[in-house]
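Only one structure is covered here, and it is reproduced in the block below.
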Amino acid sequence: MSLDTELTATGGRRNGRVHVDIHTHLIPQISFDRVPEGLRSERLSSGGEFNLVADGIRSLGRGVPLDLRDIDRHRARQTEHGIDVSIIGPWMDAVKMPLDPRLQRKWCRVLNETFVDVVHEPNRSRFVAALPDLDGGAAAMELEFAAEHGAVGGMLAANPELGTLARRDFDPLWATAERLGLPIILHPASVELDSRMRQHQANILVGNPFETTMAALSLIAGRVPERFPDLKIVLVHGGGFFPYQYGRMLAGFHRWPELDASNLSAAIEYVKWFYYDTVLFERPPLKYLLEVAGVDHVLAGSDCPFPMTDYQPYNGTPADLGLTDAEADLVLGGNAQKLFNLSLDLSGETPADRLRVEA
């Protein structure tokens, strides 16, 4: 038995479990044909990949492969791993390409409009809006626009190009997300800390979780949880180092006067305020996250289709993670349905059923 959707001999679903993957990425192929002036797309000579160049000088540094551009390939891969519904967000490195706030907002609008065009089967895929990080007010307006066209949340760079997420110009975004009841997924992008990060794939393996941790600190320092208590923030990659270092982080507020410990909540309350995906690759850290954050604040995700995709939560048994069957239902899909306000009607259809139809 596995946490994957269990299929009977006739292809039916056992236990009625719905699998939702909250952490996937796509840059729709058609978006490369619609890039705004100031952003250029170019087909690379090898591998059929596309690159983006912003402001004439700033490049992605690596091509966008077909798996990251083609929603049909994306769906087939997810189906193969027993995923019923994918929450699709942009590749944030591409979102952060422009250094001009107006250009970035235009690019986000293109991405969101193309999501509307390609993500049109609500029982299989939903999308979260690409949000600009250079202008918090523009991010709020883009979230509002995308929500009117079917977005179930937004995705924002955990490491904005300017300053941190404590910037007050993000307040309109937090207020809009809170009012609309839409979660914001924070995802690192274009991590460049120092020259060491160019070795050992450290920018991905260490830099990404570092930036997620920095995002959590910035929001706490900006008192965002207190000022927007009903805001829903999702930290990817299991929250980076935050769920492990939260004690040290909050203790620092009491040791450094400039951090201002007045009206600070208990450290564990901040851990339980955030939501987290499960992209941790090993069972011990995932079990710890479930224990410290609570089963109701952990949502299955994979980071599909990148090399660091992790389908761990869909493999094994509930007992492997110290979960009951009911708790596994929450982590694998129930929490996501509630957080992203998903109304699904799978009508007994399984991933295997859909794979047969697609074939």
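What are the pairs, 6+ residues apart or on separate chains, where a residue within region 115-143 that is more than 15 Å from residue 154 (Cα to Cα) has its Cβ under 8 Å from a residue that is among the β-branched types (Val, Ile, Thr) and open to solvent by 30 Å² or more (accessible area, probe 1.4 Å)?
That search, which allows pairs on different chains as well, returns 117/30; 118/30.
Based on this model, can you work out whether residue 254 counts as open to solvent by 30 Å² or more (accessible area, probe 1.4 Å), assigned to a helix (DSSP H, G or I) and not aromatic (Phe, Trp, Tyr)?
The answer is yes for residue 254.
Looking at region 172-195, which of its residues are open to solvent by less than 30 Å² (accessible area, probe 1.4 Å) and not in a strand (DSSP E or B)?
Scanning region 172-195 gives 173, 174, 176, 177, 182, 183, 188, 189, 191.
Taking region 266-303 on its own, how many of its residues are in a loop (DSSP other than H, G, I, E, B) and open to solvent by 50 Å² or more (accessible area, probe 1.4 Å)?
Result for region 266-303: 3.
Report, ordered by the first and then the second residue, all pairs with beta carbons closer than 7 Å, sequence separation of six or more or different chains, a first member in region 302-314 that is free of Cβ contacts under 8 Å to residues at least 12 places away in the same chain, and a second member that is surrounded by 19 or more Cβ atoms within 10 Å (Cβ to Cβ) and polar (S, T, N, Q).
Note: pairs meeting the criteria are 309/302.
Of all residues in region 235-264, count the ones that are aliphatic (A, V, I, L, M) and over 28 Å from residue 279 (Cβ atoms).
3
Only one of 306, 241 is under 28 Å from residue 75 (Cβ atoms), open to solvent by 30 Å² or more (accessible area, probe 1.4 Å) and aromatic (Phe, Trp, Tyr); which?
306
Only one residue in 218, 195 is within 28 Å of residue 309 (Cα to Cα), polar (S, T, N, Q) and free of Cβ contacts under 8 Å to residues at least 40 places away in the same chain. Which one?
195
Would you check if there is a residue in region 62-77 being in contact with a Cys (Cβ under 9 Å, 6 or more places away or on another chain), under 23 Å from residue 342 (Cα atoms) and modelled with pLDDT of 90 or more?
yes
Being modelled with pLDDT of 80 or more, within 20 Å of residue 239 (Cβ to Cβ) and either open to solvent by 30 Å² or more (accessible area, probe 1.4 Å) or of a type in the set (Lys, Arg) (or both) is the filter here; which residues of region 196-216 pass it?
Selection gives 205, 206, 210, 214.
Of the residues that make up region 153-166, is at least one under 17 Å from the mean Cα position of the chain (by Cα), assigned to a helix (DSSP H, G or I) and either surrounded by fewer than 18 Cβ atoms within 10 Å (Cβ to Cβ) or not basic (Lys, Arg) (or both)?
no
The values are calculated or read from the model by the stated rules, or taken from the named source; none is laboratory data. Nothing here was measured: the structure is a model prediction, and the numbers come from that model. All Cβ positions, glycine included, derive from the backbone under ideal geometry; neighbour counts span all protein chains shown. Side chains are part of the model used for accessible areas, which takes the heavy atoms of the whole protein and leaves out ligands, DNA and RNA. Shrake-Rupley method; radii C 1.70, N 1.55, O 1.52, S 1.80 Å.
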